[in-house]
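Here's the structure, in structure tokens; my notes come after.
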Amino acid sequence: MQNQQGGSLIEVALQQMKKSIICCELAPGEKLKVAELSLSYGLSSSPIREALNRLAQEGIVEASENKGFRVARLSVDDFQQITQLRRLLECEALAEAIRHGDDAWEADVLGAFHRLKVVEKRLGSVSVALDDDWSERHKAFHFALFSACPSDMMLRLIDSLFDQAERYRRFSALHRSVERHKGDEHQQLIDAVLSRDINASVELLGNHIGGTLKHVTDVLRQQHSTLQ
């Protein structure tokens, strides 16, 4: 029972800190002091430290024996690598999902797309990029597309990379002046997927991921030049 409770507290700390890091509430490069985090989350140092170690394994926290923990810094090179891996894995997962997906999968994809469109309609002209509900539904839509892929390992890797990319997307949305509209891209993608056109679907998804790369890279380079 004690081990279960300890595991539960670690999971609570993990999810709360992960959300704060991905949403840029904890800024890139910010030092993460165990004592301060314990007070902030109302948890003892043990689950906080274990959660930080796990986040370091996921790549969004940097751990050093001498310097402790800090939020992983952002870099163009890092995001380019994340994007390259996302393209490889997500396009393969989508192709496999189209090959294996049944009627229930199609219904799940349509449902996830509808929920995404509903929140976009509700937000109207307000920027969707920093809205937590939109972000959750956006991820749910993408993972509905992949859900018929039979490789659990591939889906776990995609999940980790998607979260790492989300942190960059949030940072970009905080600092860019021109908003990117993804609605048309999502519509074209779902049309190709439901038509079972693997080549078109993979091309559209690759371009969709690539569009994020351009926007994020532009912001990162602008921020870097501003700080110099």
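Roughly speaking, what is the stretch gain from Glu25 to Arg221, that is 0.36 nm per residue apart minus the C-alpha to C-alpha distance, in nm to one decimal?
Numbers: separation 196, 0.36 × 196 = 70.56 nm, distance 2.10 nm.
Extending this stretch completely gives an extra 68.5 nm.
If you average 1/r over every pair of different alpha-carbon atoms in the stretch 76-227 and take one over that average, what Kirkwood value in Å do you get?
About 15.9 Å for the stretch 76-227.
Which net charge results for the neighbourhood of Leu9, defined as the other residues with beta-carbon distances under 14 angstrom from its beta-carbon, given Lys and Arg at +1 and Asp and Glu at -1?
Neighbour charge sum, excluding Leu9 itself: 0.
Which entries of Lys117/Lys139; Lys19/Lys139; Lys31/Lys214; Lys121/Lys214; Lys33/Lys139 show an alpha-carbon separation above 24 angstrom in the structure shown?
Checking Cα-Cα distances, Lys31/Lys214; Lys121/Lys214; Lys33/Lys139 exceed 24 Å.
Which distance in Å, rounded to a whole number, links the C-alpha centroids of the stretch 201-216 and the stretch 160-176?
Computed from Cα coordinates, the inter-centre distance equals 14 Å.
Which whole-number value in Å² is the accessible area per residue of the stretch 20-168, probe 1.4 Å?
51 Å²
Once you have the Cα-Cα distance between Leu110 and Leu194, take 0.36 nm times their residue separation minus that, and quote the gain in nm to one decimal.
Contour length minus the Cα-Cα distance gives 29.3 nm.
For the chain, with all protein chains present and a 1.4 Å probe, just round the carbon and sulfur fraction of the accessible area to a whole percent.
Ligands and nucleic acids excluded, carbon and sulfur give 50 percent.
Using mean Cβ contacts within 10 Å as the protection proxy, how do 27-37, 189-199, 158-168 order, highest first? Intermediate values should be presented prior to the final figure.
Details: 27-37: 14.5, 189-199: 16.5, 158-168: 19.6.
Highest mean packing first, the order is 158-168, 189-199, 27-37.
Place a +1 charge on the Cβ of each Lys and Arg in the chain and a -1 charge on the Cβ of each Asp and Glu, then give the dipole magnitude about the Cα centre in debye, rounded to the nearest 20.
The calculated dipole for the chain is roughly 760 debye.
Quick one: ranking His215, His138 by accessible area, 1.4 Å probe, largest first, what do you get?
Ranked list, largest accessible area first: His215, His138.
Apply the Karplus parameterisation 6.51 cos²θ - 1.76 cosθ + 1.60, with θ equal to phi minus 60°, to every residue of the stretch 111-117 and state each ³J(HN,Hα) to the nearest whole Hz, in sequence, with x for glycine and proline.
Listing the rounded values in order: x, 5, 5, 4, 4, 5, 5 Hz.
Ranked highest first by average number of other Cβ atoms within 10 Å, how do 87-97, 200-210 line up? If you can, show how the numbers build up before the last one.
Values: 87-97: 19.5, 200-210: 17.6.
Per-residue mean Cβ counts within 10 Å order the peptides as 87-97, 200-210.
The values are calculated or read from the model by the stated rules, or taken from the named source; none is laboratory data. None of the values given here were measured: they were computed from a predicted structure. Using ideal geometry, Cβ is built from the backbone for each residue, glycine included, and neighbour counts are taken over all protein chains shown. Surface accessibility is based on the protein's heavy atoms, side chains included, excluding ligands, DNA and RNA. Shrake-Rupley method; radii C 1.70, N 1.55, O 1.52, S 1.80 Å.
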